[in-house]
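The values are calculated or read from the model by the stated rules, or taken from the named source; none is laboratory data. Note that the structure is a prediction, hence the values are computed from the model and not measured. Virtual Cβ from ideal backbone geometry, glycine too; neighbours counted across all protein chains shown. The accessibility values were calculated without ligands, DNA or RNA, using every heavy atom of the protein model including side chains. Shrake-Rupley method; radii C 1.70, N 1.55, O 1.52, S 1.80 Å.
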Amino acid sequence: AQSVTQLDSQVPVFEEAPVELRCNYSSSVSVYLFWYVQYPNQGLQLLLKYLSGSTLVKGINGFEAEFNKSQTSFHLRKPSVHISDTAEYFCAVTTNYGQNFVFGPGTRLSVLP
Amino acid sequence: NAGVTQTPKFRILKIGQSMTLQCTQDMNHNYMYWYRQDPGMGLKLIYYSVGAGITDKGEVPNGYNVSRSTTEDFPLRLELAAPSQTSVYFCASEPGTGFEKLFFGSGTQLSVL
């Protein structure tokens, strides 16, 4: 079975500063990785995903993530955050057996003016 | 397109009561999921379905039941509600490869008192 760890439960950052949200996973088989964002009182929305190919994945709203197989990581980055990026971010993994996304506990990003 | 629609948005139950959380999607997706979200715990899979008439347990199925009589509908039944079932419940769907993005409903906030 696979698992996902998000080491930071909360990340405060000032507006226009860069941010990195960390995600590590464990799995005995190949994985597919996702980052979702949840704005207050809403469901989750897909930010980006890695299925195969280039390990640097670009998503919506200026976010990107890099898949590092040797370190079993899929960290999310943004070079300059906005107030509107304040939300909870979830890393998720599924395997080539499909059907069961496993979510991390989430990281609450707070962008301060 | 409405996407994934969940009803109700909020509900308060007394211990021992029963209720059904409704979920409907209009995207003709084969795969549907029910998750619960507890603070700091991320999303936990309750049940999932890979098509009409086919359901299977996720990580935390106890106290819940599901059915999938049509492609569109995937209701979640709570029997004999307990305080431990106080949570936010999300329904999600995806086309059916297992690796594509999940489309989420806006959630149902349930309190059992």
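Here is how the numbers come out for the structure above:
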| read-out | value |
| --- | --- |
| Search result, residues across the range A:41-58 that are away from chain B (no Cβ under 11 Å) and not hydrophobic (A, V, I, L, M, F, W, C) | A:G53, A:S54, A:T55, A:K58 |
| Meets criteria (over 30 Å from A:Q10 (Cα atoms), within 11 Å of chain A (Cβ to nearest Cβ) and not acidic (D, E)) for B:G96 | yes |
| Residue identified as among the charged types (D, E, K, R), in a strand (DSSP E or B) and farther than 30 Å from A:S9 by Cα among B:R11, B:R77 | B:R77 |
| Residue in the range A:1-22 that is surrounded by the fewest Cβ atoms within 10 Å (Cβ to Cβ), counting only those that are hydrophobic (A, V, I, L, M, F, W, C) and more than 18 Å from A:S110 (Cβ to Cβ) | A:A1 |
| Members of the range B:5-24 that are of a type outside the set (A, V, I, L, M), farther than 25 Å from B:S49 by Cα and open to solvent by less than 100 Å² (accessible area, probe 1.4 Å) | B:G16, B:Q17 |
| Filter result for A:E66 (acidic (D, E), part of a loop (DSSP other than H, G, I, E, B) and at pLDDT 95 or above) | no |
| Flag if A:I83 is within 12 Å of chain B (Cβ to nearest Cβ) and either loosely packed, with under 13 Cβ neighbours inside 10 Å or over 10 Å from the mean Cα position of the chain (by Cα) (or both) | no |
| So B:Y33, is it without any contact (Cβ under 8 Å) to a residue 24 or more places away in the chain, in a strand (DSSP E or B) and among the aromatic types (F, W, Y) | no |
| Qualifying positions in the range B:25-39 - open to solvent by less than 40 Å² (accessible area, probe 1.4 Å) and among the polar types (S, T, N, Q) | B:Q25, B:Q37 |
| The range A:89-113: number of residues that are open to solvent by 30 Å² or more (accessible area, probe 1.4 Å), within 14 Å of chain B (Cβ to nearest Cβ) and over 12 Å from A:F34 (Cβ atoms) | 6 |
| Matching option when the condition is at the interface with chain B (Cβ under 10 Å from one of its Cβ atoms), part of a strand (DSSP E or B) and of a type outside the set (V, I, T), among A:Y25, A:Y32 | A:Y32 |
| Subset of the range B:4-59 that is closer than 17 Å to B:A81 by Cβ and charged (D, E, K, R) - its residue that is farthest from the other protein chains (Cβ to nearest Cβ) | B:K14 |
| So A:K78, is it exposed (fewer than 13 other Cβ atoms within 10 Å of the Cβ) and touching a strand residue (DSSP E or B) at 6+ places or on another chain (Cβ under 9 Å) | no |
